Amino acid sequence: MTARSCLSIILAAGEGTRMKSALPKVLHKIAGLPMVAHVVRAAQSAGSGDLAMVIGYGAEQMREAVPAFVPEAEIFVQEERLGTAHAVLSARSAIARGYDDVLVMFGDTPLIDPTALADARARLAAGADVVVLGFRTENPAGYGRLVEKEGALVAIREDKDCTEEERRITFCNSGLMAIAGARALSLLDAVGNDNAKGEYYLTDIVEIGGARGLKIVAAEASFENALGINNRAELAGAEAIWQKRKRQEIMLSGVTMIAPETVFFSYDTEVDPDVFIEPNVYFGPGVSVEGGATIRAFSHIEGATIGPRAEVGPFARLRPGADLGEKAKVGNFCEVKKATVEAGAKINHLTYIGDARVGAGANIGAGTITCNYDGYSKFFTDIGAGAFIGSNSALVAPLTIGERAYVASGSIITENVPDDSLAFGRARQKTLPERAKLLRQRRADAAKK
Ligand code: UD1
Ligand code: CA
């Protein structure tokens, strides 16, 4: 990357009416991350330098949300939404500090590719004053058209302001622009609002710059990169493209998926080589899976770490704080929350383990429940290494079960069990010989009457 200084301005003041949502559009998520955060990440990997976020609609929600994914962003409020140039000028004081490059991005184009941003910056470094990222589409309605003369970009005409001839142009404005920092304020200040929408269009700086003899260039990106999200159908479309890219990246890094189209990842999912993933698995945010692990079908995993050669599922649910050690097993219809399952421990069927530690090599029988909640507070269950918990036991926390201890099946355990001891937490069985036969006979006699 060049050593040039850079300011990235992300426009996110719009309401996004067509989302029909109480949430500002750019906070809707793709792969578990707000779409505007995807834009931030792309900018950061292109060496974005300082970040300015222009907010307006839903400013309160935005102020709350933005620091979570970009704490260092400078926030500017655009009080009135008078157009994209006006929005950029909300960050006037940042631009005025003086940068080599100013990048303008829209918060609702989450699939923007960092290489396209880096390329635009490289063109500034090579002497361009304004770089516009365009894309081609057979269906350009609604987009600004890139008007070229003799191969040079001379104007961007908004859809509503196009002549019939211009409307037929299929080379469109993605919204991404790179501007030589030294020119930025003078260009933006020259923008007027004499157009169909009565807005200050950022796109007008192309014509203004051209008239000043500046070097204005168009770069081309794929349609996917420029995809702007306006409604929930487009949101789902972008999610699908993101998932497809991620699956490809994950498979090429050495992970096997037999039906990749049914496996869903989050923006931060980490999967090491030689992990095997069966169909229909969902990874929420905060998951890492180490080499050799197997994730069986229909598992739902979030906020969990899965150690080397561990096995999860089928039909397992790992909730935040589930931490599985090497070769640990969490099988069908088990839920694990905020619990460490140490190396080689087995929780094979129909179990809830929450707020707990399951020591190395312990075996948790089917139907075991850690009763971690009394309706007011949560309590911890500590199960020692090598312990054996018989099926259908209720472990009432707070509780410590010692190493190699044995809990008889069907127990309700309310008191600590020391190392190596055997605990029965249930009533003794009573057996009445011949009683079943007697009852059957009585019923038969009654029926005869
Ligand atoms: C804009 C471009 C158009 C391009 C299209 C790509 C302009 C004038 N037009 O049109 O050439 O083809 O995007 O999707 O730039 N915003 C603010 N404050 C404002 C106005 C807009 O922050 O006052 C933000 C919006 O939240 C959004 C972005 O700027 O993130 C684009 O605004 P929008 O109104 O969607 O522009 P388009 O009409 O789609
Ligand atoms: Ca738009």
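For region 333-372 and region 420-438, compute the distance between their C-alpha centroids and round to whole Å. When both Cα centres are located, 27 Å separates them.
Residues TYR376, TYR282, ordered by accessible area of protein heavy atoms at a 1.4 angstrom probe radius and largest first, appear as TYR376, TYR282.
The modelled label-to-label distance between ARG426 and ARG232, using points 7 Å beyond Cα along the C-beta direction, is 4.7 nm.
For a modelled paramagnetic label at PHE333, 7 Å from Cα along Cα-to-Cβ, the residues of region 341-371 in reach, with backbone nitrogen under 14 Å, are 348-352, 366-369. Per-residue ellipticity at 222 nm from helix content only, as computed over the chain with -39500 (n - 2.57) for each DSSP H run of at least four residues, stands at -6500 deg cm²/dmol. The stretch between ARG97 and ALA444 holds 115.1 nm of extra length on full extension. This uses 0.36 nm per residue minus the Cα-Cα distance. A Förster radius of 30 Å, combined with the Cβ-Cβ distance separating PHE380 from ASP268, puts the computed FRET efficiency at roughly 0.60.
Which residues among region 4-24 fall inside the zone where the amide N is under 19 Å from a point 7 Å beyond the Cα of ALA240, along Cα→Cβ? Residues 19 qualify, since their backbone N sits under 19 Å from the label point. For the chain, modelled as a Gaussian network with Cα springs under 10 Å, which listed residue fluctuates most, ASP194, ASP272, ASP50? Ranking ASP194, ASP272, ASP50 by mean-square fluctuation puts ASP194 first.
Bridge orientation summary for region 338-449: considering DSSP beta bridges with both residues in this region, about 5 percent are antiparallel. What does DSSP give for the chain in terms of the percent of beta bridges that are antiparallel, rounded to the nearest 5? Here the share of antiparallel DSSP bridges comes out near 20 percent. Heavy-atom accessible surface of region 239-348, averaged per residue, reaches 42 Å², computed with a 1.4 Å probe. For region 28-163, the antiparallel share of DSSP beta bridges with both residues in that region comes to about 60%. Of the heavy-atom accessible surface of region 332-389 (probe 1.4 angstrom), what whole percent is carbon and sulfur? About 59 percent, which is the carbon plus sulfur part of the accessible surface. Our coupling estimate for region 92-99, obtained by passing each phi through the Karplus curve with A = 6.51, B = -1.76, C = 1.60 and θ = phi - 60°, is 3, 4, 6, 4, 5, 5, x, 10 Hz, Gly and Pro reported as x.
The values are calculated or read from the model by the stated rules, or taken from the named source; none is laboratory data. Keep in mind that what you see is a predicted model, and the values were worked out from it rather than measured. Note: ideal-geometry Cβ built from the backbone for every residue, glycine included; neighbour counts use all protein chains shown. Side chains included, ligands, DNA and RNA excluded: accessible areas come from the protein's heavy atoms. Shrake-Rupley method; radii C 1.70, N 1.55, O 1.52, S 1.80 Å.
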